[in-house]
Amino acid sequence: MECQSKVLVFETSEQLAQAAAERFVECALECHAELDRFSVALAGGNTPRRVYELLATERFKTRVEWPRVHLFFGDERCVPPEHPDSNYLMAYETLISKVPIPAKNVHRIIGEGNANENARVYENQLRTFFAGLSWPRFDLVLLGMGEDGHTASLFPNSSALKESARWAVSTKNEASGQDRITLTAPVFNHARQIMFLVAGKKKAQRLKEVLRRQPGSEQLPVQAISPNDGTLEWLIDAEAASLL
Ligand code: 6PG
């Protein structure tokens, strides 16, 4: 059964970021009330940067029990952690280095070295953290959308997109030639809550195709994300929503 997704449109990308930070805190508080930990898969790219900055401000960081938060990554560029393209570096500079989260609760994808090997290492880490589960169940997954409809590093027509057994695989961004490591669609689809963050005019045409899907049209990677037993929210700004 296709999950019902909610689309929330915000006047500005700043309002989108504020709302996403608020949702993160709400999800954390819900989890803190029920579970001993709050597991999150962070998104890379530019759009979540402002959300992470906000989460590191007094208004938000004081409401989260960071020692009970576990931060994972939905994907990584195959570069060292100090490289400007590193999703880990972006999250570290904007959030991780600014909140009292224990280092052992930050689960970086190793971007340097052998991508296949590092994908296996990350999968084993996930299998240990989510021991006993046939698929991991993140409490919250943050995702973005590329202009080509990719999400995390699940690119159109990639074998990674069709993966049905592995939890993490290596892949390549054919457009840039950059090697990537990504969690797979079934992993995202076993999450409790998924939040897509999409901003800017450049995304408007693709977003229209994605949210107004024509019968028989080719499935884009973002459309492979549909939680089996969870919620899906699109937080988008007015520019990205301009063709809806
Ligand atoms: C990455 C992301 C990727 C990103 C989209 C949108 O590592 O690049 O995981 O999927 O979310 O490319 O990127 P922007 O937010 O920069 O537009």
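The values are calculated or read from the model by the stated rules, or taken from the named source; none is laboratory data. Source: prediction; values computed, not measured. Ideal geometry is used to build each Cβ from the backbone, glycine not excepted, and the neighbour counts take in all protein chains shown.
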For this session: For A238, indicate whether it is within 13 Å of the chain's Cα centre (by Cα) and over 15 Å from M145 (Cα atoms).
Result: no
Seminar exercise, completed: Considering residues that are crowded, with 20+ Cβ neighbours inside 10 Å and either within 16 Å of the ligand (Cβ to nearest atom) or more than 16 Å from S39 (Cβ to Cβ) (or both), the number found within region 65-88 is 11
Exercise. For A91, all conditions in the list (1) without any contact (Cβ under 8 Å) to a residue 60 or more places away in the chain; (2) within 13 Å of the ligand (Cβ to nearest atom); (3) closer than 17 Å to Q178 by Cα hold save one; what is the number of the exception?
Worked result: (3)
Exercise. Can W135 be described as farther than 25 Å from L235 by Cβ and either in contact with a helix residue (DSSP H, G or I) (Cβ under 7 Å, 6 or more places away or on another chain) or at pLDDT below 95 (or both)?
Worked result: no
For this session: Being closer than 12 Å to E65 by Cα and either at pLDDT 95 or above or hydroxyl-bearing (S, T, Y) (or both) narrows it down to one of A28, A17, A41, so name that one.
Result: A28
For this session: Give the residues of region 82-111 that are in contact with a helix residue (DSSP H, G or I) (Cβ under 8 Å, 6 or more places away or on another chain), assigned to a loop (DSSP other than H, G, I, E, B) and either more than 20 Å from W66 (Cβ to Cβ) or among the aliphatic types (A, V, I, L, M) (or both), sorted by residue number.
Result: E82, H83, L95, V99, I101, I109, I110, G111
Problem set entry | Answer from E174, E209 - the residue that is in contact (Cβ under 8 Å) with a residue 12 or more places away in the chain and either crowded, with 16+ Cβ neighbours inside 10 Å or within 19 Å of E117 (Cα to Cα) (or both) | E209
Exercise. Which condition number in (1) closer than 30 Å to E26 by Cβ; (2) under 17 Å from the mean Cα position of the chain (by Cα); (3) within 16 Å of the ligand (Cβ to nearest atom); (4) surrounded by fewer than 17 Cβ atoms within 10 Å (Cβ to Cβ) is the one that A152 fails?
Worked result: (4)
Problem set entry | Residues satisfying the stated conditions in region 25-59, i.e. in contact (Cβ under 8 Å) with a residue 60 or more places away in the chain, within 16 Å of the ligand (Cβ to nearest atom) and part of a helix (DSSP H, G or I) | V51
Problem set entry | Those residues of region 135-148 which are near the ligand (Cβ under 10 Å from one of its atoms), part of a loop (DSSP other than H, G, I, E, B) and under 14 Å from the mean Cα position of the chain (by Cα), in sequence order | G144, M145, G146
For this session: Name every residue in region 201-221 that is more than 18 Å from the chain's Cα centre (by Cα) and either among the aliphatic types (A, V, I, L, M) or within 13 Å of the ligand (Cβ to nearest atom) (or both), in order of residue number.
Result: K201, K202, A204, R206, L211
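With respect to E239, is the statement that it is part of a helix (DSSP H, G or I) and more than 30 Å from F38 (Cβ to Cβ) true?
Details: part of a helix (DSSP H, G or I): no; more than 30 Å from F38 (Cβ to Cβ): yes.
No.
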